[in-house]
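Here's the structure we're looking at; comments come further down.
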Amino acid sequence: MKKRTIVSGLLVLCLAGSLAWAKRVEDFVEMRIEQAAICSGLKKVEGITVPKDPGTFFSTRVRKLVSYIRFRHVMKRHTLQWKWYTPSDKLYVQSSEIDVVPTGKYHDFVTGAHEIVIRGETAMLSPGGWRVVIFRDGTMVKTLRFTLSSREGGAE
Amino acid sequence: MTRLPRQFLCWMMVLSLGAGPWLGIARGEADPRDRLEEGKLNFQDGEFEKALALLDGLAGKELGKKELDLRLYSGFCHYKLGNPEKASSEFQRVLELEPDYRLNRSVAPDLRKAFENARRQMQGEQVSEVITIRDPWIEVGPARKKMPKQFVKKFYKQWWFWALAGAAAAGVVLVVKSSGGGESDTYLAPTIDLSHRAEDCATLPGSYQAGKIDVAVAISRGEAPYTVTYLLDSEVIETQTLSGKSGSFTYPSVLPLAGGQCSNRTLTAQVKDKRDNDGAQVKDDETLLVCECP
């Protein structure tokens, strides 16, 4: 009788402990991408940085291009990295890895961006379909594609 | 004809035959300037490929100031044939020859725009072999201790909740099954079984010699300590307290037994356990024939 009571009590304690632990660790919505874009620059709207003239078609005369990404619900420490690939699928440039939220607290959003110079550099001479791959903690999370063209019509 | 004019004509013939190939007249070659004009006419007629072929053939020829026209129309042809890079290159050569050269308004707007773009590329926009690597940029939203409630997942929507609930349910079922099919109270009252050992009696089989009797009680279930009371008829002859383990065991005793004429006496053993101290007692009776043997 006594033995059964002890076993039942332990079972209930284990269950309660597991529930409490699991709740503490996992009951949050996951970090997700809210917006990602290629743009010619960034601007502030109501205190928040947003992409300026986002698009997929740009002129080779554009001064620079920015790869913009915005995450929601950031809880843990992460790293972000960008890799830019030319139309011939060669790695053109890769950013350093940057730490996101080293404090480990909850943040509504985290915005990241990386830019490359187009006008006056080698990229200007490589019109065609480019892609930017964004990595989070070493894992690819987003691929953005855009076209660089020497013809008129792209964003200046 | 006099002798002098005849000699003059002969020399002229000789000279023309010798110098002809040098001047290109004998091979029928047109003046480069004429070919340039022909190319310009072809361009104006929309025959861009033909025009370009003619103009390309003039590359390296001495054209003087017309070199500028050659480059300009070559650029126009390339642009119209969908080669803006080559067009830009030709326009930039025009600008090298005459940096302030401007196209007049009679030229098509798209050609003027392409020409001006070439000028912009040329002015301080040299393509560098160096690739600028810039550091990434991060903007972090305000920090909070906890995620706002609307973003917190309900616990019952989590996989672990159902896994743990299943495990708990399985555990409860196992415990209930092992405790005896669903009884809520698993306590069972004690039972007693009394036995005695017959003494050899000369006269009456099954009788007992007065003095003492060996008995044994077998107790099972209940909770220790047990109290066993022995009664002869209704008189208590001994009380024993058996502490120790709960469960089934047999406890032997030697009881005093008064003698007399042969008579039936009833030996009763009663047991009560820890719980039954104030409750019903379990009894077990044995009928003995007790004699004073000779």
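Considering A:Tyr68, A:Tyr92, which residue is part of a strand (DSSP E or B), of a type in the set (Ser, Thr, Tyr), in contact with a Cys (Cβ under 7 Å, 6 or more places away or on another chain) and at pLDDT 90 or above? Break it down stepwise before answering.
On the way: A:Tyr92 fails: in contact with a Cys (Cβ under 7 Å, 6 or more places away or on another chain).
After ruling out the rest, the residue left standing is A:Tyr68.
Hey, can you tell me all the residues within the range A:98-115 that are touching a residue at least 40 places away in the same chain (Cβ under 8 Å), more than 19 Å from B:Pro148 (Cα to Cα) and either touching a Phe, Trp or Tyr at 6+ places or on another chain (Cβ under 6 Å) or more than 8 Å from chain B (Cβ to nearest Cβ) (or both)?
A:Ala113, A:His114
For the range A:74-97, what are the residues that are free of Cβ contacts under 8 Å to residues at least 40 places away in the same chain, among the aliphatic types (A, V, I, L, M) and either at the interface with chain B (Cβ under 8 Å from one of its Cβ atoms) or over 16 Å from B:Thr132 (Cα atoms) (or both)?
A:Val93, the sole residue that qualifies.
Answer yes or no as to whether A:Ile98 is of a type in the set (A, V, I, L, M, F, W, C), surrounded by fewer than 16 Cβ atoms within 10 Å (Cβ to Cβ) and on the phi < 0 side of the Ramachandran plot.
no
For the range B:44-133, please list each of the helices (runs of 4 or more DSSP H) lying entirely inside it that holds at least 3 residues being acidic (Asp, Glu).
Filter on the range B:44-133 gives B:84-97.
Please state which one of B:Lys80, B:Lys66 is surrounded by 13 or more Cβ atoms within 10 Å (Cβ to Cβ), of a type in the set (D, E, K, R), away from chain A (no Cβ under 14 Å) and out of contact with any Asp or Glu (no Cβ under 6 Å at 6 or more places or on another chain).
Answer to the selection: B:Lys66.
Out of the range B:187-199, which residues are over 20 Å from A:Gly9 (Cβ atoms), at pLDDT 65 or above and not basic (Lys, Arg)?
Residues satisfying the conditions are B:Leu188, B:Ala189, B:Pro190, B:Thr191, B:Ile192, B:Asp193, B:Leu194, B:Ser195, B:His196.
Give me the residue from the range A:45-61 that is within 22 Å of A:Gly120 (Cβ to Cβ) and away from every other protein chain (no Cβ under 12 Å) and, out of that set, surrounded by the most Cβ atoms within 10 Å (Cβ to Cβ).
That would be A:Phe58.
Which residue is modelled with the highest pLDDT, if the candidates are limited to the range B:159-186 and must be more than 9 Å from chain A (Cβ to nearest Cβ) and in a loop (DSSP other than H, G, I, E, B)?
If we take residues in the range B:159-186 being more than 9 Å from chain A (Cβ to nearest Cβ) and in a loop (DSSP other than H, G, I, E, B), then B:Gly180 is modelled with the highest pLDDT.
The values are calculated or read from the model by the stated rules, or taken from the named source; none is laboratory data. Small disclaimer: the values here were computed from a predicted structure and weren't measured. As a convention, Cβ positions derive from the backbone with ideal geometry for all residues, glycine included, and neighbour counts pool all protein chains shown.
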